[in-house]
Each structure stands twice: as structure tokens, then as C-alpha cells.
1. Would you call A438 among the small types (G, A, S), crowded, with 19+ Cβ neighbours inside 10 Å, touching a residue at least 60 places away in the same chain (Cβ under 8 Å) and assigned to a helix (DSSP H, G or I)?
2. If you take the residues of the stretch 222-277 that are basic (K, R) and at pLDDT 90 or above, which of them is surrounded by the most Cβ atoms within 10 Å (Cβ to Cβ)?
3. Can you tell me which residue within the stretch 34-82, out of those that are assigned to a loop (DSSP other than H, G, I, E, B) and of a type in the set (D, E), is nearest to the chain's Cα centre (by Cα)?
4. Do any residues in the stretch 315-328 that are assigned to a strand (DSSP E or B) have Cβ atoms under 6 Å from those of residues that are among the hydroxyl-bearing types (S, T, Y) and surrounded by 24 or more Cβ atoms within 10 Å (Cβ to Cβ), where the two are at least six apart or on different chains, and which pairs are they?
5. Kindly evaluate G72 against the criterion of being closer than 19 Å to T396 by Cβ and among the small types (G, A, S).
6. In the stretch 187-221, what residues are assigned to a loop (DSSP other than H, G, I, E, B) and surrounded by 14 or more Cβ atoms within 10 Å (Cβ to Cβ)?
7. Please count how many residues of the stretch 44-72 are surrounded by 18 or more Cβ atoms within 10 Å (Cβ to Cβ) and in contact (Cβ under 8 Å) with a residue 60 or more places away in the chain.
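The values are calculated or read from the model by the stated rules, or taken from the named source; none is laboratory data. Note that the structure is predicted; figures quoted are calculated from it, not measured. Please note: Cβ atoms are built from the backbone with ideal geometry, for glycine as well, and neighbour counts cover all protein chains shown.
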Amino acid sequence: MAGTSSSISHGWRSILAGRELLMKNLGWIVGDGQCINVWDDPWLSLSKQERPMGPPTEASATLSVSDLLLPGTSEWDVESIRLVLPEYETKIRSITLSITRTPDKLVWLGTKDGIYTAKSEYYAVSVELENGNPQDADFDWKKNVWNLDCAPKVKHFAWKLLKRAIPVGERLQERHLDVDPKCKRCEHNESILHLLFHCQYAQEVWQLAPFTTEMEYRGIIDLMSSWPSICAQKCLPPSGVTSGALFPWILWSIWKSRNRFVFEGVFISPKETLSTAIKLAREWCSDSKADPTRPSARINKQMAQGETSVTAVRSDAAWMASSNLAGLGWTILSESGHEYKKRAEYKKRAEFIPSPLVAEGLAMREAIQSYRRSDLQDIRLESDSAQLIQCVNSRTVVTEFHNIVSDILAFASDFRSVSFLWIPREKNMAADSLAKMALNALDNVLVVDAINVPN
């Protein structure tokens, strides 16, 4: 591997720096486990690089992850895990394996789909810098900034605010620029806190804001320590904005109004500034929560012309965060025209499930797998998980349940025609009830009214 020397060019030095960053943010999705070394490769997490702590024994030094599977299966060998990596048993068993033994996949850990982007690299660099700053050590940047329910540009603006990187008068003067540091509205020194909270103009904006509780913004002296509580403010129902979504938009709107006043001489009233913020927040919430599913297309052959009967398979899951247990439920309905007739219903309990999204995917995988050897030819798989349906229909990769979606699509090839459809929760109550019953049951696997389904 190429290294550095004192004589290399700036361009080549930048490439090597980029390579180093890339290597720090790559991780493995476990498929068949053959390409992954147990000790050397990061495979224990899909959010950060994590590998078992050594040193390995001489006998286990060259083990691949496939050696931790039961021979010829896609199941973890619990005895081997307890022998080699006992302290990682829960974490390893929480990795959902592919039934169809998909190959191992190397992904970029900075995005949910595992695909590298310049934006995610910028985020990785900023997190690294933040973690190296003692002042920011206790501040959760991901929760308090990057996971805010607002546009990326507003998140970036919030990050710059907390880093004191906004070019207000006081900050520009600190950088030895020959500028007037005073606020153009009230002649006080224009600091970040003054501009956004202490100025009379900002005070009028906040007084009009539709929050359920009043807050004394003039008392804010440390933005970073006050940030979590400010973000947690709830909005009154008429605003049409969800809790936690309006605050950053108000900051953004105050900043934009300030710039128009300073550079264009345009005065925007506090009421107009707030109205703009509410409008932007409402539009963002509406766009981001629009139904992401599209009418599902057949992934195999179309149904024979004139055939109107289809079998609907509805699945759902219930998940318990405290124990990482999940209940899976699915029902089979025969459809003719607009009439549905229940044919069978199933429920199953699953352990070591890391998230509700994985549980939803497992429920659908169990459902399609249970019917692939039956006489069914034309089925429609339905779920109230919009993200699951979107991933299956668009073949979008989400690292968290990449293996599950791969299995579902592989099993779909056993049918003459398959479609995937999102349904509202109220239409999926039967599967939901089964999932909750399975979650609360003592037996590991339960099947109710399991019958052979005729064609």
C-alpha cells in the first residue's frame, strides 16, 4: 500500500488522506461469512467500525465468520461463539443472517444504504473533529443536530451555530476583519446569541412562536447546554408542525431575515419571519412523510389475462426494546373482487432482534418462505411498514436489513407473480394481534390454524 513521504504533492497527500478516512468508515454486512476474518475485519456493527478485541489464540487467529455458523446452514453456532467470543454472544446473535446465503458485502458505514457520498464523508470528518474537542465531549451531535427533522441545509446551519462559525459582527471582528460589530437593528454588539435570542427583533419572533410552553430566551448564555431543551419544545396543534421540527427553522428564518436587512435593506417583520419558518417546516414535514410507496409492479410474470383471483399475505411485527424480542404475525387471505376470506394465520416469536424495522422484515420473510412450497402461484405481500415496502419495490439497499430483503426477493422467484403493497395499519390488525400474541407467549414458535392452502 502506498505511503507518504516529505516530497509528495499536495494532491497525492489529499488522496492518501481520503483513503485513510475511507478505511476508517468501511464495514461488513455478514452474508455467508467467508470473506470476513473474525479478528481483523469490522463486522460487529453497521453504525461504526467494530471488531472483536484480541488477542486471538493461535487456533482462532485465522477464523472466518463462516466458521461461527452451523455447517451447511445460515444459523449461528452458539457453542462456537461461546468458545471463541463469549463476551460478544448477544451482539453476534443480533446480526440477522441471510437464509439464501448472500455473499458478504463491504459497505460505507456513514449512510443507511451503505453507499459513499461526499456529504457523508463531510459528516464523518466533522464528527471526528467534534469527538476530539473536550468542550463537545458530552454533546450528542447525532441526536441534537444531524437527526433533527429539518432540511440538510438547516442542520448544517445549526452545526455552524453551535461551532460559532456564523459570520456575525462580533465573530468577524474576532477574526481581525475591519467591520462594524454592532447589530444593524439595535446597535448592540452582534453576537450569535444576541442575533438569535437577545435582540428585540428576535424576542418578538419567539414571543409569537406557537410553542406550548414559554421560555425565557434572553436568559440563554450557553447555546450548546440549552440546545436539547430548546429543541424539545412542543408545538401547538394549529401550527401543523410536529414537535422538535419548528425550532431550527425559526433560527434559519431569523438568519435569512437578518441578511436581507443587512445586504438588501429589506425589512421583514417578526410576524413574517415566523410565518416563513412555519411554512418551511410544514412543507418539509409534509414532503418527508409523504407515502414513499408506489403501486407495486410484478417482479416476475404478470398474472394470466382474465385471472382476477389473488392471495393476499399480510405481515406485521411487535418488538420489545428492553429484551430485543419480537413477535411475528402473518395471515393469508383469498381475494376475489373486493371480498377477502381468511385462509390461515401464523405467529412466531424471535430472539436477538436489534430493531423494529428488522422485525418487520423478518415477518415478511417468514410469510413468503412459508408459502413458497405451497400451491400458491399469484400472491400479494402486504405490510404497514412503508420503508420495507419501498425497499423491496425499489430494490433500495438498507444495510440494517439487506440480508432480509435479498432473501425476500430470492423467494419471490418461486412464484408466478408477486407484488408488494403498503397498507394502513387499520387494515393489518389481524397480523398485528398475532404478532403481539407471539411476543407475549411463552413458547418460542406457535402456529394457529396452519392448513394446506389450495390453489
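1. For A438, the condition - among the small types (G, A, S), crowded, with 19+ Cβ neighbours inside 10 Å, touching a residue at least 60 places away in the same chain (Cβ under 8 Å) and assigned to a helix (DSSP H, G or I) - is met.
2. Among residues in the stretch 222-277 that are basic (K, R) and at pLDDT 90 or above, the one surrounded by the most Cβ atoms within 10 Å (Cβ to Cβ) is R258.
3. E50
4. S315/S383
5. The answer is no for G72.
6. Answer for the stretch 187-221, where residues must be assigned to a loop (DSSP other than H, G, I, E, B) and surrounded by 14 or more Cβ atoms within 10 Å (Cβ to Cβ): H188, E190, S191, C199, A209, P210, M215, I220.
7. 1
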